[in-house]
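Chemist: I am attaching a structure below and will ask some questions about it afterwards.
Where a number appears in this text, it was derived from the coordinates with a stated rule and is not lab data. Just so you know, these numbers come straight off a predicted model, no measurement behind them. Because the Cβ atoms are built from the backbone with ideal geometry, glycine has one as well, and the counts that use them run over all protein chains shown.
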Amino acid sequence: MSGRHDPGRLRDAVRLRRRGLRHAVLHERVPFAILALGPTSAVDNLEATRAQLDRTLAKLPWLESVAAEMFVGKYDPAKLHLADRLVAKFPASPLHGLGAHNDRDWAAIGAWADGLPRALSLRR
């Protein structure tokens, strides 16, 4: 199964920009970081999925984070919405027959998070 970044997930950031100067000024003053969960399996191509995220962020030049990283996520078919459950039933779907698993690398996520206070200028 190939991981895919959904550009629609940046909807809130786009709304922030569209709300006007007051929010744009706030964005310029408040540093933030982006943690994205990409492919649901460690065997998927994280680099390709990260490249999709980078291309999406490049289309939003006003959205400048101090840090952005993508990690492998998890998959739980029991938590899928109806439409996703229906898609997973098709044999051609990459989700067909895929069992629940959690491939998140908590050590890597923790190491990235440990560097955020410095990146966000919250401590020396």
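Chemist: Taking 7 Å along the Cα-to-C-beta vector as the label spot, tell me the PHE32-LEU80 distance in nanometres, rounded to one decimal.
Modeler: So the label points at PHE32 and LEU80 sit 3.1 nm apart.
Chemist: I would also like to ask the following. Kindly provide the chymotrypsin sites (Phe, Trp or Tyr not before Pro) of segment 56-124 that DSSP labels as loop, not H, G, I, E or B, and whose Cβ sees at most 12 other Cβ atoms within 10 Å.
Modeler: Within segment 56-124, the qualifying chymotrypsin sites (Phe, Trp or Tyr not before Pro) (loop, at most 12 other Cβ atoms within 10 Å) are TRP62.
Chemist: Given 0.36 nm per residue, what is the gain on full extension from LEU95 to TRP112 after removing their alpha carbon distance, in nm?
Modeler: 3.2 nm
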